[in-house]
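Novice: Just passing along the structure, written as structure tokens.
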Amino acid sequence: MFCTMTFLGMQWGPLDIFITTLIALFLAFLWYGIAPLTYWRRKGIPSVFALPVLGSTAKMAFLLKSFGQVTNDMYFQTPGKKYVGYHKFTLPMILLRDPDIVKNVLNRDFVHFDGNELKMDEVTDDVFSGRHLFLLSGEKWKRLRVVLSPGFSSGKMKSMFPTIGEVSGNLRAFLTEKVDSAVESGYAVDLKDLCARYTTDSVASVAFGLQCDSIYDPEVEFRRMGRKLLEPTLFNAIMFLIMFEMPWLNRFLKINFISKDVTSFFRNVVLNVVAKREEDGTKLNDYFQGLIQLWKEGKLRVSEKPIDDGPDGRHVTADTLRKNLKELDDITAQALSFVTDGFETSSTLIAFCLFELAHNPKVQEKLRKEIEAKIRQNDGTLTYDALQDMTYLDMVIHETLRMYPPGMSLNRMCSKRYYLPNPEGEGLDGGLWLEEGMVVTIPVYGLHHDPEIYPDPEKFDPERFSPDNKRDKQAIYLPFGDGPKMCIGSRFALLQSKLAVVSVVSRFQLSPNEKTKVPITIDPFHVVLNSKYGLWVNMKNLKQ
Ligand code: HEM
């Protein structure tokens, strides 16, 4: 009744096959799931507990915690060490704990760490692959960084000020309507959603030259598409888990990180704006115009040679974009990177800042006084220079980014052998040679919340960043990363965030709303630090 087979000169019945398969699976489990976990013991380096297959990141694998939360846990489990080994699944990695080593890796010794573990598939993710700074390394990264950096200079920020100012005016007008018609306890608002709509409008106007109005209409298509990119859904959580933590897996799965409808929407937006400006002969002084110029000069092509490269320069028009998808994607990628990198991170900053102000009325009052004084000194108008001159606002924003750094951790991949001293302390013999390809993790959230570095770390205290305190201390502070790979958009992020905070605080009184409990619960599904249950506050008119 049961069939048998002959293999290696022996007769195999179903039971033999079953038992042999079990043994083979068990050996594979030992070889691939357990043996790699002895790596740090064999090297004599202290390490964090690791489970078979899932390594030290089991909670992340089950989506119970984000990678940032897991690195934070590991940081606090290993006091006194300069660094420790851990396993992301079965891959050995290093968690750097010592602020001096961290600073060296990011700055002085960056040439040893200009590799990149992140990769997107060129076929499935044709827009970003080979074009986004986050995904590039070595020479290509350096060339694109040099090309894009002038677009984020202080001068450029000053020229963007009126455009973002208009969007912050819309935010204020929208809230005025809501607060005026609210009940006596005030207008209850989830800051997370509102601030995301504000930064969407701001990014749309600066990076695409579009008026988007999602503050008033949350369902407008630009907002829907932007939201789809980073929404904390189960699908996105799994997708980001694969992209950031298991990039090798996508070589087989070939998942689109940016879905086709989102890609095609943003390609069309770019095409239409280029064509419109060409038709009208308009040359605005915005970031998008800068991208058009770079594209015309062939400078956005970092992976391949630009087309039409002749002695008189490139004769390219909107029609070139229509006919050549690669050229269109050169612009789309850079404009779209504003959406992926710029709106969620900044909205997180604004939302947490306003949330903390609601919970710290004295800080709120002091900030309001500064804003009023600076505006008064400028004949009642808010100018770019007046905003830059608000020292206390800068302290409040710094403290928000310390407590809530949107990117909770950073990674760097070793590209050239590098020596780390003994992990147990100063002056001891024996350290570790990091080999090419080894990834080191910097637990930003942990460092920002370490009482040895920032006393009473859970207290929202902008005074830590007063000019005197800042001068005295050289504490580690990494909300935008550091070194040559530091966030390219930090000036823009600070500008749009400060404008939003000023617009709200100068007009409304903020107070806590019981829907959001303190301390907040971090959302493990979110790619940047976020509160799981929103960030609710009440807003009232100041004179009420
Ligand atoms: C509060 C807002 C923001 C925060 C907290 C933030 C944070 C960061 C961090 C931590 C990094 C990694 C730095 C490193 O590895 O050392 C980064 C990189 C980057 N950010 Fe931001 N960012 C913000 C806003 C923006 C905005 C508005 C843009 C606009 C385009 C932007 C574009 C980028 C890009 C392109 C990179 C990659 C840089 C490179 O690899 O050379 N970011 N950001």
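Just so it is clear, none of the values below were taken in a lab; they were calculated from the coordinates. Keep in mind the model is a prediction, meaning the values are calculated, not measured. Quick reminder, even Gly has a Cβ in these numbers, built from the backbone with ideal geometry, and neighbours come from all protein chains shown.
Novice: What's the longest uninterrupted piece of the chain once you rule out the GluC sites (Glu not before Pro) that are loop residues per DSSP with at most 15 other Cβ within 10 Å?
Specialist: The reported range is 1-121.
Novice: Moving to a separate point now. Once Lys and Arg get +1 and Asp and Glu get -1 on their Cβ, which of F508, I488, L535 lies farthest toward the positive end of the dipole of the chain?
Specialist: Result: I488.
Novice: Starting from 0.36 nm per residue, how many nanometres of slack lie between A475 and T38 once their C-alpha separation is accounted for?
Specialist: Full-extension gain reported as 153.9 nm.
Novice: OK, next. Helix-only estimate, please: 222 nm mean residue ellipticity of the chain, summing -39500 (n - 2.57) across DSSP H runs of length 4 or more and dividing by its residues, to the nearest 500.
Specialist: My calculation for the chain gives -14000 deg cm²/dmol from helical runs alone.
Novice: For region 1-122, what size does the Cα cloud have along each of its three principal axes, sorted from largest down, in whole Å?
Specialist: 70, 37, 30
Novice: Also, I was wondering about something else. Give a residue-ordered list of calculated ³J(HN,Hα) values for region 412-423 (Karplus: 6.51 cos²θ - 1.76 cosθ + 1.60, θ = phi - 60°; whole Hz; x for Gly, Pro).
Specialist: Whole-Hz 3J(HN,Hα) from phi for region 412-423: 9, 9, 5, 10, 8, 2, 8, 9, 9, x, 4, x.
Novice: Further question: Among the listed pairs K156/K470; K228/K470; K156/K299; K59/K540, give every one whose C-alpha distance is greater than 29 Å.
Specialist: Numbers: K156/K470 27 Å; K228/K470 39 Å; K156/K299 19 Å; K59/K540 41 Å.
Violating the 29 Å Cα-Cα cut-off are K228/K470; K59/K540.
Novice: Another question about this same structure. With θ set to phi - 60°, apply the Karplus curve 6.51 cos²θ - 1.76 cosθ + 1.60 along region 139-154 and write out the HN-Hα couplings as whole Hz, x wherever there is a Gly or Pro.
Specialist: The phi angles translate into 4, 4, 4, 4, 4, 5, 4, 5, 5, 7, 3, x, x, 10, 6, 4 Hz.
Novice: Using a Debye calculation, one point per C-alpha and no hydration shell, please list log10 I(q)/I(0) for region 82-121 at q = 0.27, 0.29, 0.30 Å⁻¹ in order.
Specialist: -1.00, -1.02, -1.02
Novice: Which trypsin sites (Lys or Arg not before Pro) from region 451-544 combine a DSSP loop assignment with at most 14 other Cβ atoms within 10 Å?
Specialist: For trypsin sites (Lys or Arg not before Pro) across region 451-544 that sit outside H, G, I, E and B with at most 14 neighbouring Cβ atoms in 10 Å, the list reads K459, K473, K515, K517, K532, K543.
Novice: Roughly how tilted is helix 344-359, in degrees to the nearest 10 and between 0 and 90, from the longest Cα axis of the chain?
Specialist: For 344-359 against the chain, the angle is about 60 degrees.
Novice: Kindly rank 153-160, 52-59 from highest to lowest mean number of other beta carbons found within 10 Å of each residue.
Specialist: 52-59, 153-160
Novice: Also, I was wondering about something else. When the Karplus curve 6.51 cos²θ - 1.76 cosθ + 1.60 is applied with θ = phi - 60°, which whole-Hz ³J(HN,Hα) does each residue of region 212-222 get, with x for Gly and Pro?
Specialist: 10, 6, 6, 4, 8, 10, x, 9, 4, 4, 4
Novice: Sticking with the crude label model, points 7 Å out along Cα→Cβ, report the distance from F110 to E139 in nm, one decimal please.
Specialist: Here the answer is 1.9 nm between the modelled labels.
Novice: Further, regarding this structure: 7 Å from Cα along Cα→Cβ at both F29 and T317: what's the point-to-point distance in nm?
Specialist: Between F29 and T317, the label points sit 6.7 nm apart.
Novice: For T20 and I453 in one chain, what is 0.36 nm times their gap in residues minus the Cα-Cα distance, to one decimal in nm?
Specialist: 150.3 nm
Novice: Dimensions of the chain along principal axes (Cα, Å, largest first)?
Specialist: Ordered largest first, the chain gives principal extents of 94, 60, 56 Å.
Novice: To continue, here is another question. Between K254 and Q289, what length in nm is gained on full extension when 0.36 nm per residue of separation is reduced by their alpha carbon distance?
Specialist: Numbers: separation 35, 0.36 × 35 = 12.60 nm, distance 3.38 nm.
Computed gain between K254 and Q289 is 9.2 nm.
Novice: With charges only on Cβ, +1 for K and R and -1 for D and E, what is the dipole size of the chain about its Cα centre, in debye, rounded to 20? Working shown, then result.
Specialist: Values: 66 positive and 66 negative charges, 77 e Å.
Computed about the Cα centre, the dipole is about 380 debye.
Novice: Using label points projected 7 Å from each Cα along Cα→Cβ, tell me how many nm separate V53 and D193, to one decimal.
Specialist: 3.9
Novice: If you project the alpha carbons of region 394-460 onto their three principal axes, what span does each projection cover, largest first, in Å?
Specialist: Extents along the principal axes: 41, 26, 16 Å.
Novice: What FRET efficiency would be calculated for the residue pair L542, F174, taking the C-beta separation as r and a Förster radius of 25 Å, to the nearest 0.05? Let's see the in-between values first.
Specialist: Numbers: r = 17 Å, r/R0 = 0.67.
My answer for the efficiency is 0.90.
Novice: First measure r as the distance between the Cβ atoms of E221 and L118, then evaluate 1/(1 + (r/R0)^6) with R0 = 45 Å and state the FRET efficiency to the nearest 0.05.
Specialist: Numbers: r = 29 Å, r/R0 = 0.64.
Between E221 and L118 the formula returns 0.95.
Novice: Name the long-range amide H neighbours of H526: under 5 Å, sequence gap of 5 or more, or other chain; modelled H, no Pro or chain starts.
Specialist: Long-range HN contacts for H526: none found.
Novice: Also, quick follow-up: Once you compute Rg and the Kirkwood Rh from C-alpha atoms, what is the Rg to Rh ratio for region 228-276?
Specialist: My calculation of the ratio gives 1.13.
Novice: Classify region 436-533 as rounded, prolate or oblate from the Cα gyration tensor: take a ≥ b ≥ c as the square roots of its eigenvalues, call it rounded if a/c is under 1.5, otherwise prolate when a/b beats b/c and oblate if not.
Specialist: Cα axes put region 436-533 in the rounded bin.
Novice: OK, next. Given H placed on each backbone N at 1.01 Å, which residues far from Y83 in sequence or on other chains put an amide H within less than 5 Å of it?
Specialist: The list, which skips near neighbours in sequence, is R97.
Novice: Quick one: helix 14-28 against the long Cα principal axis of the chain, what's the angle to the nearest 10°, folded into 0 to 90?
Specialist: Approximately 60 degrees, to the nearest ten.
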